[in-house]
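Engineer: Supplied in structure tokens, the structure appears directly below.
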Amino acid sequence: MKYLSTRGQPERKRFCEILLEGLAPDGGLYLPESYPQVDDATLARWRDVYHRQGYAELAFEILSLYIDDIPVADLRALCVKTYTAEVFGTGEIVPLRHLQDDVWLEGLSNGPTLAFKDMAMQLLGNLFEYELARRSEQLNILGATSGDTGGAAEYAMRGKKGVRVFMTSPHGRMSPFQQAQMFSLQDANIYNIAIEGVFDDCQDIVKAVSNDLEFKRKYKIGTVNSINWARLLAQVVYYFAGYIQATESNCQQVSFAVPSGNFGNVCAGHVARMMGLPIAQLVVATNENDVLDEFFRTGVYRVRGTADTFETSSPSMDISKASNFERFVFDLLGRDGARTKALFADALAREGQFDLSADPAFAQARERYGFVSGKSTHADRLATIRSTWQQHEVMIDTHTADALKVALERRVAGVPMVVLETALPVKFAETIVEALGRTPMRPVRFEGIESLPKRVRVMPADAAAVKALISAECGA
Ligand SMILES: *Cc1c(COP(=O)(O)O)cnc(C)c1O
């Protein structure tokens, strides 16, 4: 399997080459040259594999179609080590719960940080450790977080050989639970840096350090953001696992409703569908930051400025642009790299938007690729959290509520609708109290984490200070 860039550069790469890379050199995103096709016999076999041998073995089956530069036994061992009941709380790893009629909840948020990013990041941690050891290399991950991503990255990389994580976050602005999750990590390779500023200051620091190419090369600075193909690939697996749990035979179709921000999660659903998984609709749900809903309704993709990017009660979906969206547009345009480049590199830079409404390809987004969309407001989320609790005694978080609200509008009789649960309510306790007048339950392993000793250093919003810390810790 070789990988190409969405912007048309001729060069092809193998999996382990792009594993530690971010964007392709031409600024595009990596995709496989073609999507391996899963026929009925294979899907039937995978159904059996999932039921008899479990999620890790299913993950191995799917990953091995895309990764041919890691020996089979090693890849299997990496999957087995990653997807354990111990780390993900249940033997099913992504348990399906029935809600009502044809509506199901697939639990993707039982990992170490109680958000679905663990599903991919835990695998990434093991893949990084494996590949870095093979190359005798080190990697210093530098990131900025306002919550979920940073925590998931730290829990995935803690104690991993060859990797250090330097994670900046805005001082005092994360929820107490998220701060406790991250800052209580005592691992020597995890550095929490609370920046005296806001999230944008943290991002600016990461950019400033990464733009210093000499520093970046000398200290092997890398990232773990959501455009990484390995993260997306890991997410493909739970679409298969959700489908297998929601159906009894392969002649049935299923739809998925996905709370979306950077389009990483639902893009993995698109890949699963392209492989032949019988998915009827991919329902893209957004909050008030509705860049994606606008595109699927109108054909116009319009990046938002800071002034129209809102802070909402589903903060992990508060985006101004969707960094994985280019992957889908590339497929939608018949894999035309030159056109994709003209839209994403030229039109977006020039006008901040592009318009496909008059292009015949746009109708295909729904007709051929199964995409539909919708959005929710804060009031919708409160109402959905409330009705789900009252009718089913199931407590859902604000992101899952976005998806469930839209799923109920979009469902088609007779087609199971699987709503992806992307976080547990305890992470967003304030809104749960607003909706239900009670605090969410907390998994036992998180009891009292706010009072654990914290390992964090507070620093000014100054890239030079962060660079000094990195070079001091790397012993040069
Ligand atoms: C990251 C995140 C999302 C959005 O996922 P994308 O892959 O960015 O579309 C939704 N819900 C939660 C809880 C998240 O952490």
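The values are calculated or read from the model by the stated rules, or taken from the named source; none is laboratory data. Just so it is clear, the model here is predicted, and its values are computed rather than measured. Note that we place each Cβ from the backbone using ideal geometry, even for glycine, and neighbour counts take in every protein chain shown. Protein only, heavy atoms only, side chains kept; ligands, DNA and RNA dropped before computing areas. Shrake-Rupley method; radii C 1.70, N 1.55, O 1.52, S 1.80 Å.
Engineer: Among the listed residues Pro95, Pro112, identify the single one that is out of contact with any strand residue (DSSP E or B) (no Cβ under 7 Å at 6 or more places or on another chain) and on the phi < 0 side of the Ramachandran plot.
Structural biologist: Step by step, each of Pro95, Pro112 is checked, and only Pro112 is out of contact with any strand residue (DSSP E or B) (no Cβ under 7 Å at 6 or more places or on another chain) and on the phi < 0 side of the Ramachandran plot.
Engineer: From Phe166, Phe177, Phe199, grab the single residue that is within 22 Å of the chain's Cα centre (by Cα), of a type in the set (Phe, Trp, Tyr) and within 14 Å of the ligand (Cβ to nearest atom).
Structural biologist: Phe177
Engineer: Please find, among Val466, Val418, the residue that is surrounded by 14 or more Cβ atoms within 10 Å (Cβ to Cβ) and within 24 Å of the chain's Cα centre (by Cα).
Structural biologist: Matching residue, one of Val466, Val418: Val418.
Engineer: Please go through the range 301-325 and pick out each residue that is in a helix (DSSP H, G or I) and either near the ligand (Cβ under 10 Å from one of its atoms) or at pLDDT 95 or above (or both).
Structural biologist: Pro315, Ser316, Met317, Phe325
Engineer: Considering only the range 180-214, how many residues are closer than 27 Å to Glu450 by Cβ, modelled with pLDDT under 90 and in contact with a helix residue (DSSP H, G or I) (Cβ under 8 Å, 6 or more places away or on another chain)?
Structural biologist: Total satisfying the criteria: 1.
Engineer: Can you name the condition, by its number, that Ser136 falls short on among (1) modelled with pLDDT of 95 or more; (2) within 24 Å of Lys216 (Cβ to Cβ); (3) open to solvent by less than 10 Å² (accessible area, probe 1.4 Å)?
Structural biologist: Every condition holds for Ser136 apart from (3).
Engineer: So, Ser226, is that one outside any helix (DSSP H, G or I), in contact with a Gly (Cβ under 7 Å, 6 or more places away or on another chain) and open to solvent by 10 Å² or more (accessible area, probe 1.4 Å) or not?
Structural biologist: yes
Engineer: Would you tally the residues in the range 246-258 being open to solvent by 10 Å² or more (accessible area, probe 1.4 Å) and either within 16 Å of the ligand (Cβ to nearest atom) or free of Cβ contacts under 8 Å to residues at least 60 places away in the same chain (or both)?
Structural biologist: Qualifying residue count, the range 246-258: 3.
Engineer: Looking only at the range 95-122, filter to residues that are assigned to a loop (DSSP other than H, G, I, E, B) and touching a Gly at 6+ places or on another chain (Cβ under 8 Å); which one of those is nearest to Thr145 (Cα to Cα)?
Structural biologist: Thr113
Engineer: Here are the criteria: (1) open to solvent by 20 Å² or more (accessible area, probe 1.4 Å); (2) more than 16 Å from the ligand (Cβ to nearest atom); (3) touching a helix residue (DSSP H, G or I) at 6+ places or on another chain (Cβ under 7 Å); (4) of a type in the set (Ser, Thr, Tyr). Tell me which single one Thr298 does not satisfy.
Structural biologist: Going through the list (1) open to solvent by 20 Å² or more (accessible area, probe 1.4 Å); (2) more than 16 Å from the ligand (Cβ to nearest atom); (3) touching a helix residue (DSSP H, G or I) at 6+ places or on another chain (Cβ under 7 Å); (4) of a type in the set (Ser, Thr, Tyr), Thr298 breaks only (3).
Engineer: Still on this model: List the number of the failed condition for Ala285; all other conditions in (1) within 22 Å of Leu29 (Cα to Cα); (2) open to solvent by less than 10 Å² (accessible area, probe 1.4 Å) hold.
Structural biologist: (1)
Engineer: Considering only the range 50-66, how many residues are open to solvent by less than 10 Å² (accessible area, probe 1.4 Å) and either on the phi > 0 side of the Ramachandran plot or aliphatic (A, V, I, L, M) (or both)?
Structural biologist: 4
Engineer: Another one. Considering only residues of the range 150-174 that are among the small types (Gly, Ala, Ser) and surrounded by fewer than 24 Cβ atoms within 10 Å (Cβ to Cβ), which is farthest from Glu137 (Cα to Cα)?
Structural biologist: Top of the filtered list is Gly172.
Engineer: Same structure again: Go through (1) open to solvent by less than 20 Å² (accessible area, probe 1.4 Å); (2) among the small types (Gly, Ala, Ser); (3) assigned to a helix (DSSP H, G or I) and name the single condition Ala73 misses.
Structural biologist: Of the numbered conditions (1) open to solvent by less than 20 Å² (accessible area, probe 1.4 Å); (2) among the small types (Gly, Ala, Ser); (3) assigned to a helix (DSSP H, G or I), the odd one out for Ala73 is (1).
Engineer: For Val291, are the conditions met, namely being within 12 Å of the ligand (Cβ to nearest atom) and either of a type outside the set (Phe, Trp, Tyr) or open to solvent by less than 40 Å² (accessible area, probe 1.4 Å) (or both)?
Structural biologist: So Val291 passes the test.
Engineer: Determine which single condition Val372 fails, assuming it passes every other condition in (1) in a helix (DSSP H, G or I); (2) away from the ligand (no atom under 15 Å from the Cβ); (3) not polar (S, T, N, Q).
Structural biologist: Tallying (1) in a helix (DSSP H, G or I); (2) away from the ligand (no atom under 15 Å from the Cβ); (3) not polar (S, T, N, Q), Val372 fails exactly one: (1).
Engineer: A follow-up question, please. Closer than 30 Å to Gly370 by Cα, among the small types (Gly, Ala, Ser) and open to solvent by 10 Å² or more (accessible area, probe 1.4 Å): which single residue out of Ala403, Ala413 fits that description?
Structural biologist: Testing whether each residue is closer than 30 Å to Gly370 by Cα, among the small types (Gly, Ala, Ser) and open to solvent by 10 Å² or more (accessible area, probe 1.4 Å) leaves just Ala413.
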